[in-house]
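Student: This is the structure I want to talk about, given as structure tokens.
The values are calculated or read from the model by the stated rules, or taken from the named source; none is laboratory data. Quantities reported herein were computed from a predicted structural model and do not represent experimental measurements. Every residue, glycine as well, gets a Cβ built from its backbone with ideal geometry; the counts of neighbours run over all protein chains shown. For accessibility, only protein heavy atoms count, side chains too; no ligands or nucleic acids. Shrake-Rupley method; radii C 1.70, N 1.55, O 1.52, S 1.80 Å.
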Amino acid sequence: LTAVQVPDGVFEPYRFCLAFLATAQASGAEVRTFTEVVDLASDNGFVSGVTVVDRLTGDVDTIRADLVVNAGGPWAERLASMAEVDVPVSPTPGVMVTVDRRLNNMVINRLNTPSDGDIVVPQRTTSIIGTTSWTVDDPDHIPIPGDHVTRMRERGRDLLPRIADARVRGIMAVARPLISKPGVDARLVSRTFECFDHEADGMDGFVTISGGKTTTARAMAEKVSDIVCGKLGLAAPCRTAEVPLTSYRRFHARTT
């Protein structure tokens, strides 16, 4: 057997997302929670805003903008279709199984081509086994196949035998917004990202960023920010490589 130790780390995903939102708020952004984009305002080949519905109150509002960025993840293709442009996103979920013990202090990952159950990640007092991969049509409805859960436990035991004695604490799945490639298996699709300036599709004022993963999120933000600044005629360098994120504790949700 061959083992390689790399400088790795883990993060708490919920707090990490809140840190992004807190940083945006500290820079003057307004964050609308429980708010869904239901339409894009467009006229004569230009997107000028979005129509949203507050899922807590039912209120409908139209937000006007000089330029709209579609960062809808697995829903990016659905949002793009509202502007009658195409974004080739393939929602690709993966099942992860959490057990009730922290069995390792560093990430354990198989050194092989991508397959199911390649990794065990320590998270607080738990260990997370991941992950499978398949494609769905609707990222809002992801049924979790029972055989995927069984496979995760079996493959996890191969990496850490003590997983056999642990109790399952949680089972989850979420869709990755992979850039689809016709005829290519989802496992083989690159986790790279792409930025689409839809002016090339005849719809100006609308930019989509999709694909990628958490480790490329900052680079994705820089890429789309540079495109937005260029389109708006702004000379503003991206500073995310130097500016630390604001603590997740500073995020404040809008209340009604």
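Student: Of the residues THR2, THR33, which single one is within 17 Å of the chain's Cα centre (by Cα), of a type in the set (S, T, N, Q) and either more than 18 Å from MET203 (Cα to Cα) or open to solvent by 90 Å² or more (accessible area, probe 1.4 Å) (or both)? Quick ask: steps written out before the conclusion?
Tutor: Numbers: THR2 fails: within 17 Å of the chain's Cα centre (by Cα).
Going through THR2, THR33 in turn, the sole match is THR33.
Student: Right, something else. The conditions are (1) touching a strand residue (DSSP E or B) at 6+ places or on another chain (Cβ under 6 Å); (2) assigned to a loop (DSSP other than H, G, I, E, B), and VAL31 fails exactly one of them. Which is it?
Tutor: Status for VAL31: all satisfied but (1).
Student: Sticking with this structure for a sec: Residue by residue through the range 6-47, note down the ones that are under 12 Å from THR246 (Cβ atoms), in contact with a helix residue (DSSP H, G or I) (Cβ under 6 Å, 6 or more places away or on another chain) and aliphatic (A, V, I, L, M).
Tutor: LEU18, ALA19, ALA22 - these are the residues of the range 6-47 that are under 12 Å from THR246 (Cβ atoms), in contact with a helix residue (DSSP H, G or I) (Cβ under 6 Å, 6 or more places away or on another chain) and aliphatic (A, V, I, L, M).
Student: Which count do you get for residues in the range 159-186 that are within 24 Å of TRP134 (Cβ to Cβ) and either surrounded by 14 or more Cβ atoms within 10 Å (Cβ to Cβ) or at pLDDT 95 or above (or both)?
Tutor: Residues that pass the stated criteria total 16.
Student: A further question follows. Taking the range 215-245, which residues are within 19 Å of LEU67 (Cβ to Cβ), of a type in the set (Gly, Ala, Ser) and under 21 Å from the mean Cα position of the chain (by Cα)?
Tutor: Within the range 215-245, ALA221, SER225 meet the criteria.
Student: Given the structure, is THR246 assigned to a strand (DSSP E or B) and modelled with pLDDT of 95 or more? Please lay out each step first, then the result.
Tutor: Values: assigned to a strand (DSSP E or B): no; modelled with pLDDT of 95 or more: yes.
So THR246 does not fit the description; no.
Student: Among the residues of the range 79-96, what is the count of those that are touching a Gly at 6+ places or on another chain (Cβ under 7 Å) and either charged (D, E, K, R) or under 30 Å from ALA164 (Cα atoms) (or both)?
Tutor: Count: 2.
Student: Looking only at the range 201-233, which residues are in a loop (DSSP other than H, G, I, E, B) and modelled with pLDDT under 95?
Tutor: The answer is GLY212, LYS213.
Student: Kindly evaluate ASP66 against the criterion of being under 20 Å from the mean Cα position of the chain (by Cα), in a loop (DSSP other than H, G, I, E, B) and more than 25 Å from PRO143 (Cα to Cα).
Tutor: When the stated conditions are applied, ASP66 does not pass them.
Student: Considering only the range 194-209, how many residues are under 14 Å from SER42 (Cβ atoms) and open to solvent by 40 Å² or more (accessible area, probe 1.4 Å)?
Tutor: Looking only at that region, the number is 4.
Student: From VAL38, VAL120, VAL52, VAL68, which residue is more than 25 Å from PRO145 (Cβ to Cβ) and in contact (Cβ under 8 Å) with a residue 40 or more places away in the chain?
Tutor: Values: VAL38 fails: in contact (Cβ under 8 Å) with a residue 40 or more places away in the chain; VAL120 fails: more than 25 Å from PRO145 (Cβ to Cβ); VAL52 fails: in contact (Cβ under 8 Å) with a residue 40 or more places away in the chain.
After applying the criteria, what remains is VAL68.
Student: Just a yes or no: is a residue in the range 208-228 farther than 17 Å from PHE20 by Cα and free of Cβ contacts under 8 Å to residues at least 12 places away in the same chain?
Tutor: Looking through the range 208-228, none of the residues is farther than 17 Å from PHE20 by Cα and free of Cβ contacts under 8 Å to residues at least 12 places away in the same chain.
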